[in-house]
2 protein chains.
Amino acid sequence: MRTEILSYEADGLNMQASLYFEAGVSGQRPGILVFPEAFGLGEHAKSRARKLAGLGYIALACDLHGESKVFDDLGAVMPLIGALREAPARIRARAQGGLHALLARPEVDASRIAAIGYCFGGTMALELARGGAPIAGAVGFHSGLATAAPQDAHQIKGKVLVCLGADDPGIDSDQRKAFEAEMRAGKVDWQMNLYGGVVHSFTNPAADAMGRPDFARYDAKADARSWAAMRAFFDEIFAG
Amino acid sequence: MRTEILSYEADGLNMQASLYFEAGVSGQRPGILVFPEAFGLGEHAKSRARKLAGLGYIALACDLHGESKVFDDLGAVMPLIGALREAPARIRARAQGGLHALLARPEVDASRIAAIGYCFGGTMALELARGGAPIAGAVGFHSGLATAAPQDAHQIKGKVLVCLGADDPGIDSDQRKAFEAEMRAGKVDWQMNLYGGVVHSFTNPAADAMGRPDFARYDAKADARSWAAMRAFFDEIFAG
């Protein structure tokens, strides 16, 4: 597998993303943007991008805070995330930077691009779609659904899948209901998969180290189920 | 493919179910019960059972009203369904009759049984599980979720998947929310897949003939998505 660092400017930051793809494959392949959890671009998103590259995609694990900065303190990162949540244009700018970097690669089939993300990274994938980016699909895993610009849903060009823990305290039934209403009003092709007994960060084995199992907890079964759902979704959106 | 009619008594009725399986296969295979829409055992459930047989399962398309009776008038069938909804024990008895008939077949691996159903047939699959039947999983497609015995959810031994149209007027967000609460209280391993822009009977091409597209409408995309979700669910529950 080949790895490259792609640098780009976005929202005034110097982004350092990690590109993964299998070498020696001819022809253009679908490209996948992978947006990380709120802490920044760490091992979790990179490992998922490598898995995607192993499946034949060109995968770009995108930077969130610039300079590949990773926070280890939720208290330090939440004010930054809170400010972004008020400014969808800034979230979209950071995501679009990754999209443009990916589209600049000759290996990538520009007609077959998807964005996935985890936690706030899921929000980034959704905001990229809400901004009207030419992507075939967006997938959010334990993804924040709320947006300051729900009226933009009609700009979504691709399909949307969100995979959520039904007991995620951060994405409660009211937030799900508002998202449903937003997607319905925007006439989006959307799907929501709910996993019973599952909370936040269910795809991330490192979540348990947070020591807040009622809020964030790895769940191998939901991780496998949501990954399989994403693969089926890609098979559908990249077909034909 | 082999076809046989299996007769059994259940809830005072003489049931006539249709069994489908590939001939010439050695060894026991997983068995799937297929419960039909409220109208009774017609071509829709039979065709799904045949598809399952083609995938290597032993599939039993179960009778609902006895003597393989199929109603063509919703007005005639709804009073019967309404009475059943008040009497979960009767729904379970009808479903259990199919389960016992399937388990009596030497080709069937009794440790690998699932029940699926459409509309009221989904309710039958769920009630079979609520009654404590030894099945590995239950799948409901545009399935009625309400039950007169939510306190029985703790008896569910297998896993549960429901695939629903997010705009199904017959299975609204209040019903979904009550189901979530029921599954949570019963500590069930459950999943719910929601499809945006989709209403009732989305798996049934004959739904369009009803002429009520805001209530019931075939949706090829949601049909394919939910079938793929069921297959992934079977792969999981029948593994190992």
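The values are calculated or read from the model by the stated rules, or taken from the named source; none is laboratory data. No experiment lies behind these values; they were computed from the predicted model shown. FYI the Cβ positions are ideal-geometry reconstructions off the backbone, even for glycines, and counts take in every protein chain you see. The area values use the complete protein model at the heavy-atom level, side chains included, leaving out ligands, DNA and RNA. Shrake-Rupley method; radii C 1.70, N 1.55, O 1.52, S 1.80 Å.
Answer yes or no: is there a residue in the range A:134-147 that is under 16 Å from B:GLY165 (Cβ atoms) and in contact (Cβ under 8 Å) with a residue 60 or more places away in the chain. Please lay out each step first, then the result.
Step one: filter the range A:134-147 for residues under 16 Å from B:GLY165 (Cβ atoms), giving none.
No, because not a single residue in the range A:134-147 is under 16 Å from B:GLY165 (Cβ atoms) and in contact (Cβ under 8 Å) with a residue 60 or more places away in the chain.
Would you confirm whether any residue within the range A:28-38 is under 29 Å from A:ALA239 (Cα atoms) and either open to solvent by 40 Å² or more (accessible area, probe 1.4 Å) or over 18 Å from the mean Cα position of the chain (by Cα) (or both)?
Yes.
Per-residue answers, yes or no, for (1) closer than 24 Å to B:SER226 by Cβ; (2) within 18 Å of the chain's Cα centre (by Cα):
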{"position": "B:ALA49", "(1), (2)": "yes, yes"}
{"position": "B:ARG90", "(1), (2)": "no, yes"}
{"position": "B:ARG94", "(1), (2)": "yes, yes"}
{"position": "B:SER111", "(1), (2)": "no, no"}
{"position": "B:LEU126", "(1), (2)": "yes, yes"}
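Tell me, which residue of the range B:39-58 that is crowded, with 20+ Cβ neighbours inside 10 Å and touching a Lys or Arg at 6+ places or on another chain (Cβ under 7 Å) is nearest to B:GLY121 (Cα to Cα)?
Of the range B:39-58, the ones crowded, with 20+ Cβ neighbours inside 10 Å are B:39-41, B:44-45, B:48-49, B:52-53, B:57-58.
Checking which are touching a Lys or Arg at 6+ places or on another chain (Cβ under 7 Å) leaves us with B:40, B:57-58.
On the way: B:GLY40: 9, B:TYR57: 19, B:ILE58: 18 Å.
The residue in question is B:GLY40.
Quick check: is even one residue across the range A:185-206 under 20 Å from A:THR123 (Cβ atoms) and modelled with pLDDT under 95?
Taking every residue of the range A:185-206 in turn, at least one turns out to be under 20 Å from A:THR123 (Cβ atoms) and modelled with pLDDT under 95.
Could you grab the pairs with beta carbons closer than 7 Å, sequence gap of 6+ or different chains, first residue in the range B:193-206 and closer than 18 Å to B:PHE179 by Cα and more than 14 Å from every other protein chain (Cβ to nearest Cβ), second one open to solvent by less than 10 Å² (accessible area, probe 1.4 Å) and part of a loop (DSSP other than H, G, I, E, B)?
B:HIS200/B:HIS142; B:HIS200/B:ASP168
What is the residue count in the range B:168-189 for residues that are facing chain A (nearest Cβ under 7 Å), under 20 Å from A:ASP174 (Cα atoms) and touching a Gly at 6+ places or on another chain (Cβ under 7 Å)?
2
Failed condition for A:ARG225, given (1) within 20 Å of A:LEU126 (Cα to Cα); (2) within 17 Å of the chain's Cα centre (by Cα), with all others met?
Looking at each condition in turn, A:ARG225 falls short on (1).
Which residue out of A:LEU99, A:LEU60, A:LEU64 is part of a helix (DSSP H, G or I) and either of a type in the set (Lys, Arg) or touching a Leu at 6+ places or on another chain (Cβ under 9 Å) (or both)? Break it down stepwise before answering.
Working: A:LEU60 fails: part of a helix (DSSP H, G or I); A:LEU64 fails: part of a helix (DSSP H, G or I).
None of the other options fit; the residue is A:LEU99.
Is the range A:137-157 home to any residue that is under 28 Å from A:ARG217 (Cβ atoms) and in contact with a His (Cβ under 8 Å, 6 or more places away or on another chain)? Before you say what the answer is, go through the steps one by one.
Within the range A:137-157, the subset under 28 Å from A:ARG217 (Cβ atoms) is A:137-147.
If we keep only those that are in contact with a His (Cβ under 8 Å, 6 or more places away or on another chain) as well, we get A:142.
Checked the range A:137-157: at least one residue is under 28 Å from A:ARG217 (Cβ atoms) and in contact with a His (Cβ under 8 Å, 6 or more places away or on another chain).
Please specify each residue of the range B:31-48 satisfying the condition of being assigned to a strand (DSSP E or B) and of a type outside the set (Phe, Trp, Tyr). Full working, then the answer.
Let us first name the residues in the range B:31-48 that are assigned to a strand (DSSP E or B), namely B:31-35.
Passing the criteria: B:GLY31, B:ILE32, B:LEU33, B:VAL34.
Kindly indicate the residue of the range A:106-124 that is part of a strand (DSSP E or B) and aliphatic (A, V, I, L, M) and also most open to solvent (accessible area, probe 1.4 Å) among those meeting that condition.
Filtering the range A:106-124 down to residues part of a strand (DSSP E or B) leaves A:108-118.
Those still in the list that are aliphatic (A, V, I, L, M) too: A:108, A:110, A:113-116.
Values: A:VAL108: 6, A:ALA110: 60, A:ILE113: 1, A:ALA114: 0, A:ALA115: 0, A:ILE116: 0 Å².
Among residues in the range A:106-124 that are part of a strand (DSSP E or B) and aliphatic (A, V, I, L, M), the one most open to solvent (accessible area, probe 1.4 Å) is A:ALA110.
Name every residue in the range A:123-137 that is farther than 16 Å from A:LEU103 by Cβ and touching an Asp or Glu at 6+ places or on another chain (Cβ under 9 Å), in order of residue number.
A:GLU127, A:ARG130
Looking only at residues that are within 20 Å of B:ARG48 (Cβ to Cβ) and touching a residue at least 12 places away in the same chain (Cβ under 8 Å) in the range B:207-220, which one is farthest from the other protein chains (Cβ to nearest Cβ)? Walk me through it before giving the result.
Of all residues in the range B:207-220, those within 20 Å of B:ARG48 (Cβ to Cβ) come to B:207-210, B:216-220.
Still in the running and touching a residue at least 12 places away in the same chain (Cβ under 8 Å): B:210, B:216-219.
Details: B:MET210: 23, B:ALA216: 18, B:ARG217: 15, B:TYR218: 16, B:ASP219: 11 Å.
Across the range B:207-220, the extreme among qualifying residues is B:MET210.
Can you name every residue in the range B:72-88 that is in a loop (DSSP other than H, G, I, E, B) and under 18 Å from the mean Cα position of the chain (by Cα)? Reasoning before the result, please.
Here is the first cut: in the range B:72-88, the ones in a loop (DSSP other than H, G, I, E, B) are B:72-73, B:86-87.
Of everything in the range B:72-88, just one residue is in a loop (DSSP other than H, G, I, E, B) and under 18 Å from the mean Cα position of the chain (by Cα), namely B:ALA87.
Right, A:LEU64: over 24 Å from A:GLN16 (Cα atoms), touching a residue at least 24 places away in the same chain (Cβ under 8 Å) and crowded, with 18+ Cβ neighbours inside 10 Å or not? Spell out the reasoning first.
Values: over 24 Å from A:GLN16 (Cα atoms): no; touching a residue at least 24 places away in the same chain (Cβ under 8 Å): yes; crowded, with 18+ Cβ neighbours inside 10 Å: yes.
The answer is no for A:LEU64.
What is the residue count in the range A:13-30 for residues that are farther than 14 Å from A:ARG48 by Cβ, part of a strand (DSSP E or B) and not hydrophobic (A, V, I, L, M, F, W, C)?
4
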